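What follows is a set of notes on a single structure, which appears directly below.
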């Protein structure tokens, strides 16, 4: 029997993250999150950013998936990724520009908050493309405790755990200018509309609204050759999903 991993747009949307990474120049585009009430109230499913850039070691690529976790004070140990029984994180890679994944990393977690174990398999050809996938059962596997550097410096390396993600923005004014983007809970949800709101704080007065708080990061580093077979293929697309684990009836 296969266990199916299903993306349900009305429950756990693909929140985030379609990026086009041009490795030669380090160019990336786009970021989005908090698309639904569900992801706002269940932030461990909410992908805030996906990054792809050359790693510190020449010839290697770093892929980073940030989730909002929820945000926790930097010195606490209460962070938790979605358990494998709740969902699985996937980083998908398009090598030929057709917006269909050619390779996938599947990332799952087990264990209690603060002591989870991460398992990363890939990069591998997916069993299926699109929104319904099954678990990979072969290919590279790295597993171990969160908040630890795992893997092989010559192969795949993995880190999963809390990290600071600075967020410099005049957030109160942003929500006054575009009130439909206000959160549905918390202090910022109570901001009254301002009929003349049209500008932000002066340059140099930006505020890091997430200072002192951590989100959760999944960091995967692999040799460039694991994603691109030769120097003529220097462009690849990267996006991420959070998928429900859903074994539908009568699927074998």
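Quick note: the coordinates plus some simple rules give every number you see, no bench work behind them. Please read these numbers as outputs of a predicted model, since none were measured by experiment. Cβ coordinates were reconstructed from backbone atoms using ideal geometry, including for glycine residues, and neighbour counts include every protein chain displayed.
Using R0 = 22 Å, the C-beta based FRET efficiency linking residue 225 and residue 56 works out to 0.80. Once the chain from residue 190 to residue 96 is taken as fully extended at 0.36 nm per residue, the excess over their C-alpha distance is 29.2 nm. For segment 83-188, a/c is not less than 1.5, where a ≥ b ≥ c are the root eigenvalues of the C-alpha gyration tensor, and a/b tops b/c. That puts it in the prolate class.
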